[in-house]
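These notes concern the structure reproduced below.
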Amino acid sequence: MNEIDPARRFSLDAVRKFDAPAENNTAGGGMTDVARQVASQYRRDTMSPIMVSGVLRMVEFALLLVSGLAVYFYYVGFFNYLAWQYSLTIAATSFLAVVLFDVTDCYQIVALMRPIANFGRLLLVWAGTFALMALTAFTMKMSEDYSRLLFGTWFVVGFVLILGLRLVMSKLIRRWARDGRMERRAVIVGGGKAAEVLIRSVERQPYNDIRICGIFDDRGDKRSPPVVAGYPKLGTISELIEFARIARIDMLIVSLPLTAESRVLQLLKKLWVLPVDIRLSAHSNALQFRPRAYSYIGSVPMLDIFDKPINDWDSVAKRAFDIVFSIIGIIVFSPVMLATAIAIKLDSKGPVLFHQKRHGFNNEIIDVYKFRSMYTDKADPTAKQTVTKNDPRVTRVGRFIRKTSIDELPQFFNSLFGSLSLVGPRPHAIAAQSHNLLYNEVVDGYFARHKVKPGVTGWAQINGWRGEMDTNEKIRMRTEYDLYYIENWSLLFDLRILFLTPIRLLNTENAY
């Protein structure tokens, strides 16, 4: 009998705790002790398979390029003959090889885990690359200018290096998968027989990178058993939202038939605020769509409902954007920040900087820094009381720096260190209210703003929705613009917002 997987063993042990009295089975908040323990196991971020294969593409290109140049230097010398022609040919061949490896699915995780099984495909692609290079040289009547010995040696050396690298990567990927460092963590939404069939189908897939973390369902134990295919039911859908705030979950798989339209819509209305991929299992649906309508986990078809925004390479590009422009911003505005610090010190007693707890990505609590604009003894870190026009709590210097948004300049450091992005939905204080209602009580789906990292400036701010949030309509409009930004994000969009911000800040009508 095969040994039970450690993750499954934890689940089986956890199930036994479900028989404990309710008062002993609930930790602070809505989640049970078991759900909280499971969530704590998945606090650490995982390595994305897309990122791993993407980095491997770059490494293989560099490896082929360097090995080709090394062979050239060995046979010809240091750029002694046809220097730019050889360099260009070697670079083009290396790039073409990576493209062909990609087209033939050699960068799929399954292929990377089995380099020996894919030996023939790798050799065929590498040989095909050289055949195309030779054909191009023949067509351009340049073949006689190049050394056959040189390219023959590079063919052997390059293939040995690629195969060796993939053997090493195979061992690393298997270790990362075993240690839980590279996997896609999924939660099943909906229990019963449908969930069991789905789990069995997913587990049958060879070299599967899906780690099922548990099941959540609103239905009672009569309709949705507490254990399905060895996995425990960890709670209700409302508790799932809290669970996903703690655990680094990648995917929610809704295991409900399309015919249960009203229930599916009800679930999606609750779940879409989470920064995860949401898939609707289609393995048991009678309705059939075109193959391109589905994504697949192995051979299990899924309908893509929501995708996690700004993910994988987009997140890398956005982080690089933040670092570069934050450094530029700090350098450019350092004289303004120094003058502001001196003015605050001369105007009133207390520290120069003021930090406030705000909601960050995925509702995490972050510290956001600002120049202090209020008298120290009248400061309101919770922002429970909105700042209004001629507010007596605001200092003379404070009125100016709030109107001009100079008080926000220290947030360049938040962006540089990663708690904020330069562009994104503006973070609100955790206790911010409108007419004694929290913002999430005013706007349905308000927390969907937190599917991405909040920003120093944003689409709502440059469209006039900044400053005092004294009406419910202003909160709704700000949220609407923030959601538009999330759904339409691009680096060009970020650049547009960033460069329009100084111009739009000249309108100080709502800034007090």
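Any read-out appearing in this document is the output of simple, stated calculations on the displayed coordinates, not a laboratory observation. Everything numeric here is computed off the predicted structure, so don't read it as measured data. Because the Cβ atoms are built from the backbone with ideal geometry, glycine has one as well, and the counts that use them run over all protein chains shown.
The calculated FRET efficiency for the pair residue 272 and residue 135, based on their C-beta separation and a Förster distance of 60 Å, comes to about 0.70. Placing pseudo-labels 7 Å out from each Cα toward the beta carbon at residue 37 and residue 88 gives an inter-label distance of 6.6 nm. Counted by Cβ distance under 11 Å from residue 455, the other residues give a net charge of 0, where Lys and Arg count +1 and Asp and Glu count -1. The lysine pair tally for region 313-504, using Cα distances under 14 Å and a gap of 8 or more places or different chains, is 6.
All distinct Cα pairs of region 130-215 go into the 1/r average, and the inverse of that average, the Kirkwood radius, is 17.5 Å. Net length available on complete extension from residue 262 to residue 313 is 14.8 nm, with 0.36 nm assigned per residue and the Cα-Cα distance removed.
Partners of residue 222 within straight-line reach, counting lysines whose Cα lies under 18 Å from its Cα and excluding those fewer than 8 residues away in the same chain: 193, 233. Look at the dipole of region 313-504 built from charges on Cβ: of 459, 375, 428, the Cα furthest out on the positive end belongs to 375.
If R₀ is 25 angstrom, what is the calculated FRET efficiency for the pair residue 492 and residue 99, using the beta carbon separation as r and rounding to 0.05? Efficiency, rounded to the nearest 0.05: 0.50.
The calculated FRET efficiency for the pair residue 222 and residue 305, based on their C-beta separation and a Förster distance of 30 Å, comes to about 0.60.
Computed about its Cα centre, the charge dipole of region 313-504 is approximately 520 debye, with only Lys, Arg, Asp and Glu carrying charge at their Cβ. Structural descriptor for region 157-288: relative contact order 25 percent, calculated from alpha carbon pairs under 8 angstrom and at least 6 residues apart.
Most tightly packed first, judged by the mean number of other beta-carbon atoms within 10 Å of their residues, the peptides 479-485, 373-379 read 479-485, 373-379.
Average projection, convex hull of the Cα set of region 313-504: 10.2 square nanometres. Highest mean packing comes first when the peptides 400-412, 111-123 are listed by Cβ atoms within 10 Å, giving 400-412, 111-123. Counting 0.36 nm for each residue step from residue 417 to residue 78 and taking away their Cα separation leaves a gain of 117.7 nm.
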